[in-house]
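See structure below.
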Amino acid sequence: VTLRSLREAIGVVQQDVYLFSGTVAENIAYGRPGATRAEIEEAARLAGADGFVRALKNGYDTYVGERGVKLSGGQKQRLAIARVFLKNPRILLLDEATSALDNESEILVGQSLDKLAKGRTTLTIAHRLTTIKNADRILVLDDGNLVGSGTHANLLKTCDVYREICLSQLSREEVEKTL
């Protein structure tokens, strides 16, 4: 494994999305320089971004401004996901990818991330249970120490820290239903 091959194999979606000064299409194309317009639009469709992009004044040719100042948080996040769809990496790193979103945007972005994660090794860093509770394996950290590892249902039964997190985010009935 070379540093270059490792970088090519990893796609990252972070909490704080960085969009460059340029058009929507140019920002998505950073995922794979040289991509065709059709590939860029397909990546946007897969990410759930095509509808809002086409509704913009100039569609894919809309200038978004430095850091995407003309777009909402959910829209920027979906463009970042489109960028990763275009890259098509084997390994996906989601770093608090939905934490700064409102509930409606979180649902839309979550659906896009579910599609993106299919068939890939996906590492998700999150505090929101909605983001991680369906993971094959969850690692629970407390003060920098690993205190639990397993599925959502298993951790509810065996890890006090995880159970407390669940109780703070879900209703007691939802937690007890899993037990």
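Observations, loosely collected:
- At most 16 other Cβ within 10 Å, DSSP loop - trypsin sites (Lys or Arg not before Pro), the stretch 1-88: LYS57, LYS70
- The helix-based estimate of mean residue ellipticity at 222 nm for the chain, built from -39,500 (n - 2.57) per DSSP H run of four or more residues and divided by its residue count, is -13500 deg cm²/dmol to the nearest 500.
- With at most 13 other Cβ atoms within 10 Å, longest stretch of the chain clear of loop chymotrypsin sites (Phe, Trp or Tyr not before Pro) (DSSP): 21-179
- Projecting the Cα atoms of VAL24, GLY65, THR130 onto the dipole axis of the chain, where Lys and Arg carry +1 and Asp and Glu carry -1 at the beta carbon, places VAL24 farthest toward the positive end.
- GNM result for the chain, Cα springs below 10 Å: residue of SER21, SER72, SER168 fluctuating most strongly: SER168
- Across VAL109, VAL140, VAL13, mean-square fluctuation computed from a Gaussian network of the chain (C-alpha pairs under 10 Å connected) peaks at VAL140.
- Label selected from (i) 1.19; (ii) 0.96; (iii) 1.13, the criterion being Cα Rg over 2.2 N^0.38 Å as computed here: (iii)
- Segment SER171-GLU8, length gained on full extension (0.36 nm per residue, minus Cα span): 54.6 nm
- Cleavage-rule hits (GluC sites (Glu not before Pro)) in the stretch 26-81: DSSP loop, at most 11 neighbouring Cβ within 10 angstrom: none
- Of the two radii for the stretch 66-140, the radius of gyration is 0.95 times the Kirkwood radius, both from the alpha carbons; that is the Rg over Rh value.
- Of LYS57/LYS133; LYS76/LYS115; LYS76/LYS157; LYS76/LYS133, those spanning more than 28 Å from alpha-carbon to alpha-carbon: LYS57/LYS133; LYS76/LYS157
- Near-label residues of the stretch 58-76 by backbone N, under 16 Å of a point 7 Å along Cα→Cβ of ARG37: 58-63
- Taking the charge dipole of the chain about its Cα centre, with +1 at Lys and Arg Cβ atoms and -1 at Asp and Glu Cβ atoms, the residue from ALA49, THR121, LEU3 reaching farthest to the positive side is LEU3.
- Magnitude of the charge dipole, the chain, Cβ model with Lys/Arg +1 and Asp/Glu -1, debye to 20: 600
- Relative contact order (%) - criterion: Cα under 8 Å, at least six apart; region: the chain: 21
- Residue ranking by accessible heavy-atom surface, 1.4 Å probe, largest first, among LYS118, LYS133, LYS157 comes out as LYS118, LYS157, LYS133.
- Considering only ALA117, ALA80, ALA49, the mean-square fluctuation computed in a Gaussian network model of the chain, springs between alpha carbons under 10 angstrom, is largest for ALA117.
The values are calculated or read from the model by the stated rules, or taken from the named source; none is laboratory data. None of these values were measured; they are calculated from a predicted model. Backbone-built Cβ (ideal geometry, glycine too); neighbour counts: all protein chains shown. The accessibility values were calculated without ligands, DNA or RNA, using every heavy atom of the protein model including side chains. Shrake-Rupley method; radii C 1.70, N 1.55, O 1.52, S 1.80 Å.
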